[in-house]
Amino acid sequence: MEFKMDVTLPATAAEIWGIFFDVRRVATLIPGCENVVEIAPFREYSAVMKQRIGPFKLEVPTRIAVESYTPERDVALRAQGRDKLTGTTLDVHLAVALKEKGAECGVAVDARMQVAGRLASLGYPVVKKRSEEIFTEFEKRLRAELAQFGPGSEAGSA
């Protein structure tokens, strides 16, 4: 399954990069993301993803490995996890590219996700729809975060 998101945000690449690699901050932007731990800065993280998709309630302990990055430009990562109750496994490859456009920044996200186990039995359309809802909510929360802690605010420089 593939997902793409291409948005322009009212922030610099440095501001967006700062949010993406502040694990506490970015965790609040990802629906269902909890217990984020930085194991090795810019290399490895863990988290628990909790989602309800169709009749399934998933709790997926996830290991996130940063495969490559160029500060304030791009990052590629892989997230893998398995829900113990349903046996569902997730394998996500995510690439994010930042491109400044004056006072704004373009954010292009390209994600590939493989789902196996009981969740896969729901079928592609159900899983894809829920994944798109998660991406949409992430964008909404990121925009709110940028508005709250944007340039010139005291909270944004903390």
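Within the range 41-60, the set of residues being closer than 21 Å to Glu132 by Cα and not aliphatic (A, V, I, L, M) comprises Lys50, Gln51, Arg52, Gly54, Pro55, Phe56, Lys57, Glu59.
Please pick out the residue among Ala47, Ala65 that is exposed (fewer than 15 other Cβ atoms within 10 Å of the Cβ), assigned to a strand (DSSP E or B) and at pLDDT 95 or above. Exactly one residue qualifies, and that residue is Ala65. Of the set (1) touching a helix residue (DSSP H, G or I) at 6+ places or on another chain (Cβ under 8 Å); (2) surrounded by fewer than 16 Cβ atoms within 10 Å (Cβ to Cβ); (3) not aliphatic (A, V, I, L, M), all apply to Thr70 but (1).
Of all residues in the range 118-141, none are in contact with a Leu (Cβ under 6 Å, 6 or more places away or on another chain), assigned to a strand (DSSP E or B) and at pLDDT 90 or above.
Of the residues making up the range 77-105, those that are open to solvent by less than 40 Å² (accessible area, probe 1.4 Å) and either among the acidic types (Asp, Glu) or more than 16 Å from the chain's Cα centre (by Cα) (or both) are Asp83, Thr86, Gly87, Thr88, Asp91, Cys105. Residue pairs whose Cβ atoms lie under 7 Å apart, separated by 6 or more positions or on different chains, with the first residue in the range 45-64 and within 16 Å of Ala120 (Cβ to Cβ) and the second among the charged types (D, E, K, R) and in a strand (DSSP E or B), are Leu58/Lys50; Val60/Arg82.
Annotation: of all residues in the range 129-141 being open to solvent by less than 40 Å² (accessible area, probe 1.4 Å) and not aliphatic (A, V, I, L, M), the one that is farthest from Leu29 (Cα to Cα) is Ser131.
The values are calculated or read from the model by the stated rules, or taken from the named source; none is laboratory data. Fair warning: this is a prediction, and the values are worked out from it, not measured in the lab. All Cβ positions, even for glycine, are placed from backbone atoms using ideal geometry, and neighbour counts span all protein chains on display. Areas reflect the complete protein model, heavy atoms only, side chains present, ligands, DNA and RNA absent. Shrake-Rupley method; radii C 1.70, N 1.55, O 1.52, S 1.80 Å.
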